[in-house]
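What follows is a single structure, written as structure tokens, with notes after it.
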Amino acid sequence: MADIASNLETLRAFVREEIVPRAAQWDAEEQVPAEHVQRLADAGLFAQTVAQDAGGAGRSTLHTVRTVAEVARGCAVSARLVVDANFGAVGMLDRFGNTKLREHWLPRLRAGRSLVSIAMTEPDAGSAVGDLTTTATLDDDEIILHGVKRWITGAGERELSVVLARFGGIPGSAGIGAVLVPWDAPGFRIGRREPTMGLRGLREGELHFEGCRVPAENLLAGPGAFGRLMAAYNGQRVGAAAVSLGIGRGALAVALDYARERRQFGRPIGEFQAIQLLLADMAIQLDAAELLIERAAASVGREGFPERYAASVAKTFAAEAGIFAANTALQVLGGNGYSRNWPVERMVRDARMFTIGGGTTQMQRLGIAQALLAERQEA
Ligand SMILES: Cc1cc2nc3c(=O)[nH]c(=O)nc-3n(C[C@H](O)[C@H](O)[C@H](O)COP(=O)(O)OP(=O)(O)OC[C@H]3O[C@@H](n4cnc5c(N)ncnc54)[C@H](O)[C@@H]3O)c2cc1C
């Protein structure tokens with residue numbers, strides 16, 4: 001393993017040479033080839049946040065989200081793969097898994113031999129994740145799962161999932177725990193794929209648990225752990241924010257090149273102040289997003305996860321900044337911005353997801369407001 005990810009300059013060259021030339025093809029084919037996933041793993045981009053003695057790279061969340069943003073400049077799909085290979089489900093497995101599970105899976109995740117998905121959302125439980133109905137029942141030395149998950153990234157293309165499920169019929173978030181489910185478990189199957197606007201190289205789809213049985217030792221967290229599971233999920237939110245930032249930075253780079261070269265009315269369009277204002281606004285939004293992401297990534301506490309408030313602020317701002325930057329770049333490119341021969345229309349489609357997935361921007365804002373109001377109450 002060359003561990004390209006340890007150095008951001010080297011990583012930038014890797015993205016330019018290995019990822020940028022292929023991103024449009026993966027979008028058109030709606031699939032990322034397995035060799036590319038392996039290339040990302042070989043570059044040292046997976047399980048960076050996992051401790052070295054557990055098979056990871058032992059890097060900080062801050063460095064890891066910087067690598068995510070670098071990759072996203074060239075390809076948001078690749079960057080989302082990097083997020084999923086470092087945060088969310090990986091964080092939960094690393095933090096809550098027993099020694100046997102961690103020793104078995106974490107080195108495989110680092111090497112790219114296995115990919116894990118996070119399975120929370122259900123047909124009738126999206127923002128209201130506390131209402132999920134997938135059940136987990138302990139039966140001697142096994143856990144039996146029943147239910148359907150929807151919108152699961154990587155459905156059909158990974159090897160295992162961290163599944164949030166309800167234990168003992170306990171209502172609300174108090175009844176929710178998490179189980180690690182390898183996809184070769186009996187009673188598990190992949191459902192239909194969701195056709196999406198952007199991020200087309202990723203498969204989004206359903207997971208079905210029909211009396212699915214896994215060993216009891218695959219329990220990551222029982223009922224009562226919902227708050228800790230969501231704390232682990234804050235890493236995923238900061239990772240998602242870094243994808244938005246990277247898409248926006250990529251779009252700004254294309255717009256700057258174009259503004260220098262495209263000539264109208266006898267001069268480069270970059271000499272028109274109307275274009276300059278667009279470029280400046282993109283940079284302002286992206287710089288602010290970057291600072292918020294860095295703050296969130298640096299807020300990692302003793303449990304190893306970023307703090308909720310900082311993560312939600314960063315995710316909300318960066319998601320909107322990424323959409324703004326991609327959309328504004330499209331305007332700078334004029335007709336070429338709308339053409340599929342240029343990368344910007346793909347960036348617009350990809351960026352659009354990030355006010356929805358990983359908790360919508362409305363839900364993030366509600367969490368931010370609740371934190372503010374609670375603070376005031378204590379004062
Ligand atoms: C591309 C993609 C990938 C995804 N990957 C995964 C994955 O890997 N794993 C996974 O578990 N899930 C995944 N999701 C699901 C995602 O987390 C949900 O789509 C998201 O949480 C919103 O849920 P929903 O789609 O059911 O919308 P709903 O919850 O039905 O919301 C619809 C609208 O109502 C608003 N709303 C809902 N409740 C409130 C409220 N109380 N106050 C104000 N507004 C409200 C929402 O903000 C939204 O605008 C993915 C989604 C997408 C699009």
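Summary of computed values
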{"quantity": "Failed criterion for ASP350 (all others in (1) exposed (fewer than 13 other Cβ atoms within 10 Å of the Cβ); (2) of a type outside the set (A, V, I, L, M); (3) in contact (Cβ under 8 Å) with a residue 40 or more places away in the chain hold)", "calculated": "(1)"}
{"quantity": "Any hit, segment 69-87, residues being part of a loop (DSSP other than H, G, I, E, B), under 25 Å from ARG213 (Cβ atoms) and either under 15 Å from the mean Cα position of the chain (by Cα) or away from the ligand (no atom under 15 Å from the Cβ) (or both)", "calculated": "no"}
{"quantity": "Selection count, segment 323-366, where residues are among the hydroxyl-bearing types (Ser, Thr, Tyr) and not in a helix (DSSP H, G or I)", "calculated": "2"}
{"quantity": "Considering residues of segment 171-206 that are of a type in the set (A, V, I, L, M) and in contact with a strand residue (DSSP E or B) (Cβ under 7 Å, 6 or more places away or on another chain) only, the residue surrounded by the most Cβ atoms within 10 Å (Cβ to Cβ)", "calculated": "ALA178"}
{"quantity": "So ASN7, is it buried (at least 24 other Cβ atoms within 10 Å of the Cβ) and modelled with pLDDT of 95 or more", "calculated": "no"}
{"quantity": "Tabulated pairs, segment 21-45, first closer than 14 Å to ARG113 by Cβ and without any contact (Cβ under 8 Å) to a residue 40 or more places away in the chain, second among the charged types (D, E, K, R) and assigned to a loop (DSSP other than H, G, I, E, B), C-beta under 9 angstrom, 6+ apart or interchain", "calculated": "ALA34/GLU157"}
{"quantity": "Residue check for ARG376: farther than 20 Å from ALA76 by Cα, modelled with pLDDT under 95 and not in a helix (DSSP H, G or I)", "calculated": "no"}
{"quantity": "Residue among LEU291, LEU277, LEU256 that alone is within 21 Å of ARG346 (Cα to Cα) and either in a helix (DSSP H, G or I) or within 21 Å of the chain's Cα centre (by Cα) (or both)", "calculated": "LEU256"}
{"quantity": "Condition check for THR121: farther than 30 Å from VAL71 by Cα, in contact with a strand residue (DSSP E or B) (Cβ under 9 Å, 6 or more places away or on another chain) and within 15 Å of the ligand (Cβ to nearest atom)", "calculated": "no"}
{"quantity": "Residues located in segment 135-170, provided they are buried (at least 23 other Cβ atoms within 10 Å of the Cβ), more than 17 Å from the chain's Cα centre (by Cα) and more than 8 Å from the ligand (Cβ to nearest atom)", "calculated": "ALA136, ILE143, LEU145, ALA165, ARG166"}
{"quantity": "Test: residue in segment 65-81 that is in contact (Cβ under 8 Å) with a residue 40 or more places away in the chain, surrounded by 24 or more Cβ atoms within 10 Å (Cβ to Cβ), within 19 Å of PHE305 (Cβ to Cβ) and out of contact with any Leu (no Cβ under 9 Å at 6 or more places or on another chain)", "calculated": "no"}
{"quantity": "Helices (runs of 4 or more DSSP H) contained in segment 1-54 and holding at least 3 residues of a type in the set (Gly, Ala, Ser)", "calculated": "20-29"}
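Per-residue answers, yes or no, for (1) surrounded by fewer than 16 Cβ atoms within 10 Å (Cβ to Cβ); (2) within 16 Å of the ligand (Cβ to nearest atom); (3) among the aliphatic types (A, V, I, L, M); (4) not assigned by TED's automatic domain parsing to the domain that holds ARG80:
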{"site": "ALA297", "(1), (2), (3), (4)": "no, no, yes, yes"}
{"site": "VAL332", "(1), (2), (3), (4)": "no, no, yes, yes"}
{"site": "ASN341", "(1), (2), (3), (4)": "yes, no, no, yes"}
{"site": "ARG346", "(1), (2), (3), (4)": "no, yes, no, yes"}
{"site": "GLY357", "(1), (2), (3), (4)": "no, yes, no, yes"}
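The values are calculated or read from the model by the stated rules, or taken from the named source; none is laboratory data. The structure displayed is predicted, hence computed values, not measured ones. Quick reminder, even Gly has a Cβ in these numbers, built from the backbone with ideal geometry, and neighbours come from all protein chains shown.
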